[in-house]
Amino acid sequence: MPPSDWEMLARDCLVEVLAHGVRPEEVHLDSELTRDLGLSSLNKVLLLTNLCQETGVGLNNFTEQDLARMTTLRNILDALRARSGAAAS
């Protein structure tokens with residue numbers, strides 16, 4: 001999947017993980033995942049795992065510190081794009 005499609009994918013994956021009636025078009029890239037959307041730390045890991053599987057970016061490219069810095073969907077997308085060259089071949 002090309003990186004240009006990742007934004008919609010990220011919104012869809014987030015809505016799937018949240019499972020509380022939010023529609024993808026209602027998700028803003030700069031909304032705080034925990035404060036604004038109520039995403040738990042476990043669900044953040046599930047979200048990142050799903051996105052890594054869909055984009056081909058290895059989950060092993062991220063540290064706990066990376067995960068802690070991912071406070072918005074935009075942060076996650078930026079991190080995925082930065083590591084997309086490190087995707088498994």
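Values quoted throughout were computed directly from the atomic coordinates according to the rules given, and no laboratory measurement underlies them. None of these values were measured; they are calculated from a predicted model. Neighbour counts are summed over all protein chains in view; Cβ atoms, including those assigned to glycine, are modelled from backbone coordinates with ideal geometry.
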How many residues are among the polar types (S, T, N, Q) and either in a loop (DSSP other than H, G, I, E, B) or touching a strand residue (DSSP E or B) at 6+ places or on another chain (Cβ under 6 Å) (or both) if we restrict to the stretch 3-42?
-> 3
Note on the stretch 48-66: residues without any contact (Cβ under 8 Å) to a residue 24 or more places away in the chain, part of a helix (DSSP H, G or I) and either exposed (fewer than 14 other Cβ atoms within 10 Å of the Cβ) or not charged (D, E, K, R) (or both) are 49, 53, 59, 60, 64, 65
Among the numbered criteria (1) surrounded by 14 or more Cβ atoms within 10 Å (Cβ to Cβ); (2) among the small types (Gly, Ala, Ser); (3) more than 21 Å from residue 4 (Cα to Cα), which single criterion is violated by residue 21?
-> (1)
Within the stretch 51-85, how many residues turn out to be closer than 17 Å to residue 39 by Cβ and small (Gly, Ala, Ser)?
-> 2
Here are some conditions: (1) in contact (Cβ under 8 Å) with a residue 40 or more places away in the chain; (2) in a helix (DSSP H, G or I). Residue 45 meets all but one. Which one does it not meet?
-> (1)
